[in-house]
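These notes are about the structure you will find just below.
Any read-out appearing in this document is the output of simple, stated calculations on the displayed coordinates, not a laboratory observation. All values derive from a computational prediction rather than experimental measurement. Cβ placement follows ideal geometry from the backbone for every residue including glycine, while neighbour counts extend to all protein chains displayed.
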Amino acid sequence: MARDLEIVLLRSFVTAVRVGSISRAATALGHTQPALSQQLRRLESAVGSPLLHRSPAGVSPTRAGEELLPYAERILALSAQALTETGRALTGHCGVGLLEDLAASRLPQALADLARLNPSATLEVLSLSAGAMRQAYDAGRVHLVLDAVPDLPGPPRWTVSRPLVWAVGQGLDVDADPLPVVLFSSPCSWRTPVLETLERADRRWKVAFESNNLIGVLAAVRAGLGVAALMPANVEPAMARHDTGSGTGGLPALPDVDLGLTRHPRTEGDPLIDAVETALRRMI
């Protein structure tokens with residue numbers, strides 16, 4: 001008999017991973033903690049593997065959980081889009097400006113899925129410098145911007161905090177003194193907070209490598225040159241990951257990153273822009 005993955009179970013799993021706690025996930029979803037735990041066990045039974053590491057500090061995905069997560073997020077996003085957009089043809093052009101770290105995540109795939117469901121619409125994803133993003137926004141090429149510190153007119157219409165984690169290449173000693181650090185070149189919104197975190201923890205550090213793009217930072221970590229503060233989705237499987245709040249392995253807990261979503265005021269009421277904004281919010 002063919003096995004199916006129930007959407008309600010996938011939603012429970014994705015929420016638990018996002019908030020890092022079964023109790024907080026239960027509160028967010030309006031369930032009791034025992035009921036949510038039972039749903040997670042049903043999903044693990046359907047998949048045939050444990051999906052979560054459980055500890056007094058919370059939960060984190062196992063290797064099987066990490067493999068399931070992008071599929072679960074896509075299934076949820078496609079389900080929501082199908083319910084929202086069925087019967088409504090979306091047309092036109094929507095330009096989306098993304099922080100490079102987000103452009104390397106699963107967000108572009110969700111937008112590609114939306115474009116496939118709406119063949120008469122054109123979506124364009126851009127990852128630009130702050131100045132170039134402002135020019136594209138002012139020119140009307142970019143309609144939605146999701147970035148750490150959008151240099152755009154007016155406050156973001158929606159904000160969210162996301163965690164950073166330490167990414168450690170193979171063979172690197174995290175107790176080294178001074179600690180070798182791989183950084184994004186200035187300007188980077190979390191460069192200063194990361195270094196201040198090390199200072200407050202009385203950790204001596206040295207800049208081992210800098211790059212103005214994610215590819216360069218990942219290459220340096222992969223080569224074992226130092227540790228880097230990354231969004232969880234950008235940590236490669238071969239890298240060790242030290243989660244925010246764990247304070248383990250000689251590395252202090254990292255601050256969260258604030259992301260803001262800005263929408264061009266001339267796009268209010270545009271069905272395509274509405275749909276893309278909804279997709280971005282759900283994925284983040």
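Be a star and scan the stretch 218-239 for residues whose amide nitrogen sits under 11 Å from the point 7 Å along the Cα-to-Cβ vector of Arg63. Counting backbone N atoms under 11 Å from the label point, the list is 238. Each 5 Å bin, from zero up to the one with the longest distance, holds this percent of the alpha carbon pairs of the chain: 1, 5, 11, 14, 15, 15, 14, 12, 7, 3, 1, 0, 0.
For a quick check: sort His143, His53, His242 by the number of other beta carbons within 10 angstrom, fewest at the front. Walk me through the intermediate numbers first.
Values: His143 24, His53 13, His242 21.
With the sparsest Cβ surroundings first, the list reads His53, His242, His143.
Along the chain, the longest continuous region that contains none of the GluC sites (Glu not before Pro) in a DSSP loop with at most 16 other C-beta atoms within 10 Å is 7-267.
Computed over the chain with a Gaussian network model linking Cα atoms closer than 10 Å, the most mobile of Gly140, Gly20, Gly48 is Gly48. Between Ser21 and Val59, the built amide H atoms are under 5 Å apart, and every one of these is 5 or more places off in sequence or on another chain.
Length gain on complete extension for the stretch Gln109 to Ser23, per 0.36 nm per residue less the alpha carbon to alpha carbon distance?
Stretched out fully, the Gln109 to Ser23 stretch lengthens by 28.0 nm.
Once the Cα-Cα distance is subtracted from the 0.36 nm per residue extended length, the Ser129 to Leu78 segment shows a gain of 15.3 nm.
Taking other Cβ atoms within 10 Å as a rough exposure proxy, Ser189, Ser161, Ser60 sort from fewest to most as Ser161, Ser189, Ser60. Here the stretch 165-255 yields Rg over Rh of 0.91, to two decimals, using C-alpha coordinates and the Kirkwood radius.
Fewest neighbouring Cβ atoms within 10 Å first, the residues Cys188, Cys94 line up as Cys188, Cys94.
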